Amino acid sequence: MIITKTALSRRTVLRGLGTTLALPLLDGMVPALAALAKTAAAGPRRFSVIYVAHGTAPGYWVPKNEGPAYELTTPLEPLAKFRDRMLVLSGIDNDVALQRPGDPRGGHGRMAPAFMCGVHAKPTQGADFRVGISIDQIAAGHVGKDTQLPSLQLSLEPVDFSGSCDSGYSCVYTNTLSWRGPTMPLPMEDNPRAAFERLFGDAGSSDPAVRLQRLRERRSILDSVLAKANALNRSVGPSDQRRFEEYLQSIRDVERRIQTAESQSDRALPLVTQPGSIPETFPEYAKLMLDLQALAYQADLTRVCTFMMAKELSGRSYPEIGMSEGHHALLHHGDNPDKKALLARLNAHHTSMLAYFVDKLQSTSDGDGSLLDHTVILYGSCHGDPNKHDPHELPIVVFGADQIKGGRHIRYSHAQLPNLHVTLLNKLGVPVERVGDSTGSLALEPLTGV
């Protein structure tokens, strides 16, 4: 990075027609006298949690060998390009998700809150639900306090907090991952257009007619700031010009994909309540939402993202991999080898989306490195064998920024997930000693290679 004598403010934005467009970290934002001890060029730390419900196919996920010589199993093969940056953790349990005496039979209502909060969810079908504070919100209280959005919560499925979704459990437990407090669930956004406008511009109204009129008048967020963007681009150095142009192109690409999805969904809008800006296929949808997360990090609009790729009780089918059966139905495989093999294929389909996100972060410059260098990613589920609703031997993958040595499979003996949360938050610089019912942290030696 070139350290300049003059600097743009890190909070420089371009404004126009209701749009506030934040900028990525440019060389021109690093002043000559910046204290190197503060690692001004390194970029801020970020935290992503990606949750996929319903666990994995037994016998397919865990590598046989430990250490750096581990082999990639079927669900992990899509991540082959990034094995040197990845930690595969096995032997991780989450006992707080176990059924307790007097609990309802439902095996899904406990899972998502236990994964994120490290506590046992209160069984209830009413409004007296209670869990804890989720790890993303703990992180947001520290690394997210200097950004426009303390955190961003996204989902690939519509959410509904009303009624009972699992036997004896309120829908709130299966429809969100993020909890600001024990009784304060945060909504997950499943509409790409709404997420995009939250980051880059506000329609000012939820009325569909108002939204349509605004889209007709201003088809692109970038159109409203184009003159200012061009003026800024002429005032910065060559490396900043290239980085800025790549950033604008990424925004344009995301906008174009949202507009395409909207145009393809126009005829369905009068018949459904779900917004019409959702792509038709799972890969298109997932990649669009992941690109929004990457853009939010690139512009430092938020440093904490939580992504529910598949929620508990999801009935989504995946015709693109030949899976016509719903996800929830498939997870109850009954030890049928064909069903387990198909579930393993679905697990690989999900990790291919993780690979897409990791590749996006790795290819996006951030300070003296990439976004991946400065982001801790936790990917996993609160089910081990989903057929038994078993929260043992969880599928967990970690990308640990540039502070955690990857390229290894680490085998623990019944380690508890909340203890891993403490470790990862500490690596982000969040000074916590306890998350939910944690009893400490996982040993730092295997996680850091020290």
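Structure values in brief
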{"read-out": "Unmet requirement for T74, which otherwise passes all of (1) under 23 Å from the mean Cα position of the chain (by Cα); (2) of a type outside the set (G, A, S); (3) at pLDDT below 95", "value": "(3)"}
{"read-out": "Filtered residues of the range 314-333 (kept if out of contact with any Pro (no Cβ under 8 Å at 6 or more places or on another chain), in a helix (DSSP H, G or I) and surrounded by fewer than 19 Cβ atoms within 10 Å (Cβ to Cβ))", "value": "P319, I321, H328, A329"}
{"read-out": "Among the residues listed as T306, T281, the single one being of a type in the set (S, T, N, Q), over 21 Å from T147 (Cα atoms) and modelled with pLDDT of 70 or more", "value": "T281"}
{"read-out": "Selected residue (only one of R85, R100 is surrounded by 19 or more Cβ atoms within 10 Å (Cβ to Cβ), farther than 20 Å from H421 by Cβ and among the charged types (D, E, K, R))", "value": "R85"}
{"read-out": "Test: residue in the range 295-313 that is in a helix (DSSP H, G or I) and either within 12 Å of the chain's Cα centre (by Cα) or closer than 16 Å to A57 by Cα (or both)", "value": "yes"}
{"read-out": "Selection count, the range 377-422, where residues are farther than 17 Å from G55 by Cβ, touching a strand residue (DSSP E or B) at 6+ places or on another chain (Cβ under 6 Å) and among the β-branched types (V, I, T)", "value": "3"}
{"read-out": "Filter pass, A127 being crowded, with 22+ Cβ neighbours inside 10 Å and either assigned by TED's automatic domain parsing to the domain that holds P104 or under 25 Å from L21 (Cα atoms) (or both)", "value": "no"}
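The values are calculated or read from the model by the stated rules, or taken from the named source; none is laboratory data. Because the structure is predicted, anything quoted here is derived from the model rather than measured. All Cβ positions, glycine included, derive from the backbone under ideal geometry; neighbour counts span all protein chains shown.
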